[in-house]
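Student: One structure coming up, written as structure tokens, with questions to follow.
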Amino acid sequence: MTTRVACIGECMMELSERPDGSLSRGYGGDTLNTALYLARLGVAVDYVTALGDDPWSEEMLAAWAAEGVGTGQVRRLPGRMPGLYIIRTDASGERSFHYWRDSAAARDLFSGPGAAETRDALAGYDLVYASGISLSLYGEAGRAALAETCRAVQARGGRVAFDTNYRPRGWPDKAKAQGAFRDAMAAADLIFASSEDLEWLYGRDGEAEVLRHHGRCEIVLKGGGSPPSVRVLAGTEDVTVPAPPVASVVDTTAAGDSFAAAYMAARLAGRPPAEAASHGHRLAGTVIAHRGAVIPRAAMPDLPLATDSLATEQGRP
């Protein structure tokens, strides 16, 4: 039986401003990046979102399908469009992001016509993955619907993975963000957490917010430092896995997204947590040595993973 993974979130149109003021167009989204890398690693993955009926939505769907990402759970909302953001880069290379997304179709994934069908479909997946950015899209009612859906996934024997990925711009009310993240971590079977995200959100006690779930679920805690490392807590195991050095860091976009993809692919293949973290480091290290979130296929590292069937209970994420 093939393991089926669903990644939930939003893909936006991306405009990058060049030095002369002209713009180049692409698309991007955190959980989409993870879905693309999962597909490249041989995992059967669907992207679950809502798009419009515009030409750019059509382009996105075609591009995802070309990467092997399933699009059967993408809802199409007539008259709607994806969100948009522009990237500006200053003289020192620092990037800033400017968003137009308040009426993006993805915000209505768990509301309106078709929402019930989306929730029913999600309940049948073996692993459902969402992020803090995903949570910021839906509002309280949408987050409640997502939480109920995740409980249905678990009731059928599936798992839920959550990546903190906190972006203050998406949360005007920080207290609501704190509550939403607490609820999501409490409901997850696998948590990807960043020390930086947790400190921004909860202050000095940020790591304690995730470590309270040690023993209940699997935790991958990404820290800073040089070289960076991750602490993996799974059952009685508590191990720190440092990242190998990267000769030239070009662009850190999608480092965490690609790490999560390789980690989950390895765990679904039955690899132990420390080995899965090593796979995550290797893919992320390759990604940050290239420009952009999605590297050329030819640049993908060789990560042989057998994902033809569900991992054993011991090896599941």
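Each row is one residue, and each column tells you yes or no for (1) free of Cβ contacts under 8 Å to residues at least 60 places away in the same chain; (2) within 26 Å of K176 (Cα to Cα); (3) touching a helix residue (DSSP H, G or I) at 6+ places or on another chain (Cβ under 7 Å).
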| residue | (1), (2), (3) |
| --- | --- |
| L198 | yes, yes, yes |
| L201 | yes, yes, yes |
| A243 | yes, no, yes |
| A274 | yes, no, no |
| G285 | yes, no, no |
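Student: Counting only residues that are of a type in the set (S, T, Y) and either in contact with a Lys or Arg (Cβ under 8 Å, 6 or more places away or on another chain) or buried (at least 24 other Cβ atoms within 10 Å of the Cβ) (or both), how many does the stretch 254-287 have?
Tutor: 2
Student: Let me ask something else about it. With the stretch 79-154 as the region, which strands (runs of 3 or more DSSP E) entirely inside it contain at least 3 residues that are open to solvent by 50 Å² or more (accessible area, probe 1.4 Å)?
Tutor: 95-100
Student: Then there's this: If you take just the strands (runs of 3 or more DSSP E) that sit entirely in the stretch 1-40, which of them hold at least 2 residues that are within 30 Å of Q154 (Cβ to Cβ)?
Tutor: 4-8
Student: Between residues in the stretch 53-65 that are open to solvent by 90 Å² or more (accessible area, probe 1.4 Å) and aliphatic (A, V, I, L, M) and residues that are at pLDDT 95 or above and outside any helix (DSSP H, G or I), which pairs lie under 7 Å by C-beta distance while being six or more apart or on different chains?
Tutor: If the second residue must be at pLDDT 95 or above and outside any helix (DSSP H, G or I), no pairs are left.
Student: Sticking with this one: State all residues of the stretch 215-253 that are loosely packed, with under 15 Cβ neighbours inside 10 Å and in contact with a Gly (Cβ under 8 Å, 6 or more places away or on another chain); if no residue qualifies, say none.
Tutor: G215, G235, P244
Student: Kindly establish whether L32 is out of contact with any Ser or Thr (no Cβ under 7 Å at 6 or more places or on another chain) and on the phi < 0 side of the Ramachandran plot.
Tutor: Criteria met by L32.
Student: Next up: Looking only at residues that are in a helix (DSSP H, G or I) and in contact with a strand residue (DSSP E or B) (Cβ under 8 Å, 6 or more places away or on another chain) in the stretch 155-193, which one is surrounded by the fewest Cβ atoms within 10 Å (Cβ to Cβ)? Break it down into steps so the answer makes sense when it comes.
Tutor: Initially, the stretch 155-193 is screened for residues in a helix (DSSP H, G or I), giving 155, 168-170, 174-187.
So of that shortlist, the ones also in contact with a strand residue (DSSP E or B) (Cβ under 8 Å, 6 or more places away or on another chain) come out as 169, 184-185, 187.
On the way: R169: 11, A184: 23, M185: 21, A187: 16.
Out of the qualifying residues, it is R169.
Student: Can you spot a residue in the stretch 21-32 that is under 23 Å from L137 (Cα atoms), basic (K, R) and open to solvent by less than 30 Å² (accessible area, probe 1.4 Å)?
Tutor: Filtering the stretch 21-32 for residues under 23 Å from L137 (Cα atoms) gives 25-32.
Within this subset, residues satisfying the condition of being basic (K, R) are 25.
With the extra rule that they be open to solvent by less than 30 Å² (accessible area, probe 1.4 Å), the set shrinks to none.
No: zero hits.
The values are calculated or read from the model by the stated rules, or taken from the named source; none is laboratory data. If you're wondering where the values come from, they're calculated on a predicted model, not measured in any experiment. All Cβ positions, glycine included, derive from the backbone under ideal geometry; neighbour counts span all protein chains shown. The area values use the complete protein model at the heavy-atom level, side chains included, leaving out ligands, DNA and RNA. Shrake-Rupley method; radii C 1.70, N 1.55, O 1.52, S 1.80 Å.
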